[in-house]
Amino acid sequence: MYGKREFSSRTWQGFYGVDVIATVDLCRQQLINEISISFIQATASWIFLPPQVEFFISDNGETFTSVGVIKNHINEHTMDAIYRFTKRVGKQARYVRLAGKYFGPCPEWHPGAGYRS
């Protein structure tokens with residue numbers, strides 16, 4: 001499922017002032033070719049892309065191994081954008097985890113400068 005271009009379409013999940021960490025149980029060990037997740041940026045509404053997303057895999061759901069970090073290449077001044085973070089994996093696992101880093105407070109140039117984004 002992909003979100004629409006408008007963050008208010010109710011197809012996006014928002015996180016306010018924190019990192020986003022999500023774990024998916026695939027119910028059985030299987031080959032994971034790639035992992036991807038999309039984030040939206042709408043700076044007028046104080047929504048900024050994470051600077052990076054780290055992807056992890058696990059066989060038991062307790063011990064996770066990083067399979068890579070993908071950095072965001074969209075400028076924070078870009079008003080509206082959808083960025084897909086994708087990592088090729090090519091390994092077996094049952095669990096997938098991602099950690100999207102919190103952007104931080106709104107930057108100095110923004111009307112909400114200093115407030116949580």
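Data for the structure
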{"item": "Intensity falloff of the chain expressed as log10 I(q)/I(0), Debye formula with alpha-carbon point scatterers, at q = 0.12, 0.24 Å⁻¹", "result": "-0.47, -1.34"}
{"item": "Within-12-Å neighbourhood charge of Gln30 [Cβ basis; K, R +1; D, E -1]", "result": "+1"}
{"item": "Estimated FRET transfer efficiency (Thr65, Gln13; beta-carbon r; R0 22 Å; 0.05)", "result": "0.30"}
{"item": "Distance from the range 23-67 to the range 70-117 (C-alpha centre basis), Å", "result": "11"}
{"item": "Fewest-first sequence of Leu26, Leu49 by Cβ atoms within 10 Å of each Cβ", "result": "Leu26, Leu49"}
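Read-outs throughout are calculated quantities, based only on the coordinates presented, and are distinct from any laboratory measurement. Every value quoted in this text rests on a predicted model; they were computed, and no experiment measured them. FYI the Cβ positions are ideal-geometry reconstructions off the backbone, even for glycines, and counts take in every protein chain you see.
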